[in-house]
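Scroll down for the structure; my scribbles are underneath it.
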Amino acid sequence: MAEQSMNKESIPWGVEAIGAPNLWTQTGYGKGRVVAVIDSGCDVHHSALSSSIIASYNFTDFGDKHDVSDNVSHGTHVAGIIGARNFQNGLVGVAPYVKILVLKVFNSLKVESFRPVIDAINFASQWVGENGETVDIINLSLASKSENSELEKALKEAKEKNIFIVGASGNFNNAELGDLKLFPSYFPEVIQVGAVDRDKKIAPFSTKNNKAELLAPGVDILSTIPGNNEIALSGTSMAAPHITGLLALLLNIYSDKSIDRFIKSRLINEKSLFAHYENLIKIKD
């Protein structure tokens, strides 16, 4: 694949911070990988996203099964962080040539029920594209204080199929709450991601607990919203897709086994803050 030409200064700061541009040529910009974005839907006609969408399904009670219109902009923003592809104006995601499976599970910024989420995870685990594609990574930029055994079962089954699952740690300032467990990110099958700012400091809203695994850019993150627009938003919901996109790139370098070792060794944690490629070259099969 020919290397894309663009002004380095125009790359979103989070994409630059995790070192994604240094990996693009080597990893084919994430080509061949499929990410399931389980969220509020997506503007599948957005000029920076339309070529990245491989399929879409609606698991809510609103609209038909293919109506993934995004009423709150959340899912569109998450999808853009992962795979926006607009090299002309610099709005690119971490893995611009990844394919995105849009699975809509809520219509507001609150998770009312895990039922659609569970159904979407099971769907993603079993989904096969027209050319035999399967899901490599699931992104769950959502959080709830409620634990759910059926949700955990769905996550376990996805993990057993060698699907990586990335989740936002949640936006609760828990300085006085102690160890705050939010789901699904607290389940062991999920890579939990918190947020940092440009100064590599943990964002005050980023939930902390004893399962904290990774931190990624999550403050003032520029990405896509419906209507061919872009906006900067903050949240652990924005941090998680940075790691999702990074995994999509890395899967084109390392085997699943070696990346799993990288995650489990926690080379990226609350002390090192950012995901840097230099930390990964030590991983061998």
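So how do R198, R33 line up by other beta-carbon neighbours within 10 Å, fewest first?
Details: R198 11, R33 25.
The most exposed by this proxy come first: R198, R33.
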Response to the item:
Karplus-derived 3J(HN,Hα) from phi for the stretch 219-229 (6.51 cos²θ - 1.76 cosθ + 1.60, θ = phi - 60°), whole Hz, x at Gly and Pro, runs 10, 6, 9, 7, 7, 6, 9, x, x, 6, 10
Worksheet entry | 20 Å cut-off, amide nitrogen to a point 7 angstrom out along S113 Cα→Cβ, residues in the stretch 147-167 | 147-155
Worksheet entry | Antiparallel content of DSSP bridges confined to the stretch 14-279, in %, to 5 | 30
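Going by how many other Cβ atoms sit within 10 Å of their own, how do T224, T60 line up, fewest first?
The fewest-first ordering by Cβ neighbours comes to T60, T224.
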Practice prompt. Calculate the spin-label point distance for E130 paired with D199, positioning each point 7 Å from the Cα along the beta-carbon direction, and give it in nanometres.
Written response: 5.0
Item to complete: Could you grab the Rg to Rh ratio for the stretch 14-279? Cα atoms only, Kirkwood for Rh.
Response: 0.92
Worksheet item: If packing is taken as the mean number of other Cβ atoms within 10 Å per residue, what is the order of 19-25, 77-83, highest first?
Response: 77-83, 19-25
Worksheet, complete the sentence: Quick calc, N210 & S50: beta-carbon distance into FRET formula, R0 41 Å, rounding 0.05, result 0.50
Worksheet entry | Net charge over other residues, Cβ less than 12 angstrom from the Cβ of V72 (K, R count +1; D, E count -1) | -1
Worksheet item: Cβ under 9 Å from A95's Cβ, A95 left aside: what net charge do those residues give with Lys, Arg +1 and Asp, Glu -1?
Response: +2
Worksheet entry | Potential extension, I253-K161 segment - 0.36 nm per residue separation minus Cα distance | 31.2 nm
Discussion item. Taking just the alpha carbons, could you work out the radius of gyration and Dmax for the stretch 114-257, both in angstroms?
Written reply: 15.5, 51
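Return S149, S255 ranked ascending by Cβ neighbour count within 10 Å, so the fewest neighbours appear first. Walk me through the numbers on the way to the answer.
Details: S149 7, S255 11.
By the 10 Å Cβ count, ascending, the order reads S149, S255.
Bear in mind that the values in this text are calculations on the coordinates, not laboratory data. It should be emphasised that the depicted structure is a prediction, and the values quoted were computed from it without experimental measurement. Neighbour counts run over all protein chains shown; Cβ positions are idealised from the backbone, glycine included.
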